[in-house]
Each structure stands twice: as C-alpha cells, then as structure tokens.
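Here's the structure we're looking at; comments come further down.
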Amino acid sequence: MTTLAADREIEALMALHPKGFDLSLDRISRLLERLGDPQDHLPPVIHIAGTNGKGSCAAFSRALLEASGHLVHVHTSPHLVNWHERYRLAAEGGGRLVDDDVFADAIARVAKANEGQKITVFEILTAVTFLLFSEHPAEAAIVEVGLGGRFDATNVIARPAVSVIMPVSLDHEAYLGDRVELIAAEKAGIIKRGCPVVIGAQESDTALQVLIETAERLDCPTFVYGQDFLAFEENGRMVYQDEDGLMDLPQPRLPGRHQFANAAAAIAAVKAAGFEISHRAAEKAMASVAWPGRMQKLPQGRLTDLAPKGADIWLDGGHNPGAGIVVAEALAEQEEKNPRPLFLIAGMINTKDQAGYFRAFKGLVRHVYTVPVSLSEAGVPNDELAIRATEAGLSAEPVSSVASALMLLRDSWDGQPPRILIGGSLYLAGAVLDENGTPPT
C-alpha cells in the first residue's frame, strides 16, 4: 500500500498510544474540549449503531441524501485499504474521500491538542472526524459507531437528528457482553432523550425489547421495522411502506434480500432526521448505492485474472454468524436464479466465531480454501481455520493465499464457471481489494 502523509501521522500515533479500544468517553471529551468541541458544530447527524448492517445503512443514507441534492459528510469504520476511506467529505456531485494533505493536517492538529495525554488512536481519529466535519460545510453528517455504542468515541454527539440501531447479535463479546440483551443495551447507549430513534430489523425479540424500552424511557419518537415501516419484494421490485404510504422502487443495487431491510431503515432514518425523500430520489438512490467489501462483485483486476475463466467472484467482509447467514442467503438467492458451483475462500481473525460463520454455508458451498489474514496479528492460521470449517460440516483445505486458491481452482476445476465468495474478514477484504488493484474510491 502507498505510504501517504496521513499514514505517516497515524504510524507516529500508533507508536505513542495503545492499540485497540478502551471504552470510555472521558479522554475524547477532554480532547474535544481543547479543540473547541467541534462535535457541537455539525450539521444534522444520523448516528448509526448495530452489529450488522451499519455500513449498508450509512451507504443507503448517503445515497438517499445525495440523490435529494444534499451535501453529506460520512464517517465509517473500519477502512478496507486506506485510512482515508473513513472520512468522506461533502462535495457538489457527491462526497469524496478526504484529501491526504487535509487529513494529515487535521491529525497533526488533533495530536498537538492532545499534548501527549493517554488516549487511543481510535479516539484521536474520531476527534479528527468531528474536526473535519465541523470545518467543511454540509447539510447532513452520517456517523457510524465503531464498537458498541454507549462508550464508543462517537457517542459524544449530544443531539443527533436520529439514532439508528441496526440488527443486534453476538459480536465483540469481550467488550460488550455475551448475551444479546447486554449487547443491545450497549448499542442503545447512542439513544438520546427526546431525539428520534429508528430500529432496524432485529433477529432477536429480546434485543428489540431492550431497544424499544430504552427509547420509550427517554421519550423518543420511535420508528420500528415491521411496525412503523417495512420493505418487501413484489414483482421483482422493492416496496417500501410507512405511515406516509408506499414507494415502489427498484431492487437495491447491493445484492441480498437483507438489503431490503437495510434500505428501509435508511429511508426511515433520513425521514426521521427531517429530510424529505421524493420517489425519484429514492429510485436514484437504490440504483446508485455502493458499499465496497460487502457482497461486492470483485472488479476486474490482478486477482480476478487468476481465477477460472468466466468465474463470478464476490467479496464480503462479514465475519460473524449473523453476517454469514445473510451472505449465505444472498448466495442461495443467486443460486436459484443462476445455478453455479460455489466455492469459498475464507480468512478470519481469532476474536470471531469461526465455526458459527461457516455453519451458515453448509449444503451451499462445495469446498472451502482457508487462507491467512496477513493484515491482522489476530489472524487464525489457515490450517486451524480449515479444521473449524470441517467441524462446521464443510469440505476444507488450507492454502497460502487468495491468489493460490484462485490458481488452484483454475487449474483443477473443469466444470461450469464457478461462483466464488472471498470472505470472513474485513482485513481480508481490504487486502484483496488492494492486491487486485481496485481500492475503494
């Protein structure tokens, strides 16, 4: 990966400050105060938490607002290839990733304001978000939570235009708890008294109850998927319904039935935040939305050239059992429309439920190639990951890299051009996009 000025600033921070998360708002609040509390000088904020679907909701929200002619800032995490992906600044014709010199300057100013005090790099980079978003004009800001909600560094936003809670399931148990109601309570920490709340489609009734009770206790106008709004397929299109009526829309450009619910949550969120959405803008948004590394058809590049001729290659960074289920469902849907043999190339890190992820693909995948995750020190060795896949009932073997897996398939498979999913980790998704020469823009 190219070393940019901002990368050098971040590397210097990494050398000074601890890695990982230290969930508390004290340090970032102190730092933001020294910066003039930029988080209090933002345009209306759509604040998004959840275990799965946060990024898709952010992508749909951005598409809806930009299709309506609004200038929009977007903060997401993690990035796939470059840190700059986390900061999309509003611009005419659509937001653009932050320029390297602007980004490097903001990091340097935030680091200087911190004066060497104990803090995590994520907290400094979150302060950079608020500084950048306060200094560049926009009509809306979309801010994705990094981890949890209650003590996430983004949760210093006092009065969001809307708080959005996407599907909640088990993930990051070491930080957030090992029961879904505990995780839901952490996510619900972004709900602020009297501010609108949108609750996306929940798999767990227990999680849903926690979220609704929190919103009611804080006297929030609340919009719940399945009660106040929903989306469904009809005649090959997506129908969105809420108290204002129906919108008959094209199917979202992001594949998978789960994206109907994610799109619906975004429509509800943008409306709850006070923005009008015309039917024409919603149609344009469904057709233009993009979210790299999540059920993304891998663009033509250096890696795709190694695959069997005619292969249909998909990339997805989902890494927990909930993500495995929705990705497997999306692939099963493709299988119904256009049958092809499916192979999985997987790499995962050791904080995830590997067997739980693999179980979602039982009966769907012919064979799994397990690969190392080179960008994370927590990567599971490929031979150990093959054992987890086998325990989940899949045929699996370890190989040295994604490139090796694609070449092995090319040289050994002589049937119909296969469908290939590369997945199991956002670190792996980022490495694949970088190696393929097709990073997010």
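The values are calculated or read from the model by the stated rules, or taken from the named source; none is laboratory data. Everything numeric here is computed off the predicted structure, so don't read it as measured data. Note: ideal-geometry Cβ built from the backbone for every residue, glycine included; neighbour counts use all protein chains shown.
For the reader, a short list of remarks on this structure follows.
- Scanning segment 329-373 for residues that are at pLDDT 95 or above, within 22 Å of the chain's Cα centre (by Cα) and part of a strand (DSSP E or B) returns L344, I345, A346.
- Residues satisfying the stated conditions in segment 116-132, i.e. buried (at least 22 other Cβ atoms within 10 Å of the Cβ) and of a type in the set (V, I, T): I119, I124, T126, V128, T129
- Any hit, segment 399-406, residues being within 24 Å of K297 (Cβ to Cβ) and out of contact with any strand residue (DSSP E or B) (no Cβ under 9 Å at 6 or more places or on another chain): yes
Okay, residues lined up against (1) over 23 Å from the mean Cα position of the chain (by Cα); (2) surrounded by 17 or more Cβ atoms within 10 Å (Cβ to Cβ); (3) free of Cβ contacts under 8 Å to residues at least 40 places away in the same chain:
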| site | (1), (2), (3) |
| --- | --- |
| M238 | no, yes, no |
| E243 | yes, no, yes |
| H258 | no, yes, no |
| A269 | no, yes, no |
| E276 | yes, no, no |
| H279 | yes, no, yes |
| P292 | no, yes, no |
| D305 | yes, no, yes |
| P308 | yes, yes, no |
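- Check on S376, touching a Phe, Trp or Tyr at 6+ places or on another chain (Cβ under 6 Å), free of Cβ contacts under 8 Å to residues at least 60 places away in the same chain and among the hydroxyl-bearing types (S, T, Y): yes
- On inspection, A231 qualifies as at pLDDT 95 or above, assigned to a strand (DSSP E or B) and small (G, A, S).
- Meets criteria (closer than 21 Å to L230 by Cα, in a loop (DSSP other than H, G, I, E, B) and in the same structural domain as S163 (by TED's automatic domain parsing)) for R280: no
- As for segment 405-414, it holds at least one residue that is buried (at least 24 other Cβ atoms within 10 Å of the Cβ) and either in the same structural domain as P78 (by TED's automatic domain parsing) or touching a residue at least 40 places away in the same chain (Cβ under 8 Å) (or both).
- Scan of segment 374-393 for residues that are at pLDDT 95 or above, under 27 Å from the mean Cα position of the chain (by Cα) and assigned to a loop (DSSP other than H, G, I, E, B), ordered by number: V380, P381, A392
- Count of residues meeting criterion [among the basic types (K, R), at pLDDT 95 or above and under 23 Å from N52 (Cβ atoms)] in segment 254-291: 1
- Restricted to segment 359-375, and to residues there that are touching a strand residue (DSSP E or B) at 6+ places or on another chain (Cβ under 7 Å) and within 13 Å of G424 (Cα to Cα), the residue that is surrounded by the fewest Cβ atoms within 10 Å (Cβ to Cβ) is P372.
- Residue in segment 390-397 that is without any contact (Cβ under 8 Å) to a residue 12 or more places away in the chain and of a type outside the set (G, A, S) present: yes
- From the list I165, I157, the one residue that fits, being in the same structural domain as D219 (by TED's automatic domain parsing), among the β-branched types (V, I, T), under 21 Å from F60 (Cα atoms) and modelled with pLDDT of 95 or more, is I165.
- Some residue of segment 195-202 being assigned by TED's automatic domain parsing to the domain that holds A261, in contact with a His (Cβ under 9 Å, 6 or more places away or on another chain) and modelled with pLDDT under 95: no
- Of the numbered criteria (1) within 14 Å of L65 (Cα to Cα); (2) in the same structural domain as A389 (by TED's automatic domain parsing); (3) of a type outside the set (F, W, Y), the one I313 fails is (1).
- Any hit, segment 305-312, residues being hydrophobic (A, V, I, L, M, F, W, C) and in a loop (DSSP other than H, G, I, E, B): yes
- Within segment 133-171, the residues that satisfy the criterion of being surrounded by fewer than 23 Cβ atoms within 10 Å (Cβ to Cβ) and under 20 Å from G194 (Cβ atoms) are R150, V156, I157, A158, R159, A161.
- Among the residues listed as R62, R86, R109, R96, the single one being without any contact (Cβ under 8 Å) to a residue 12 or more places away in the chain and either under 22 Å from H17 (Cα atoms) or in the same structural domain as N155 (by TED's automatic domain parsing) (or both): R96
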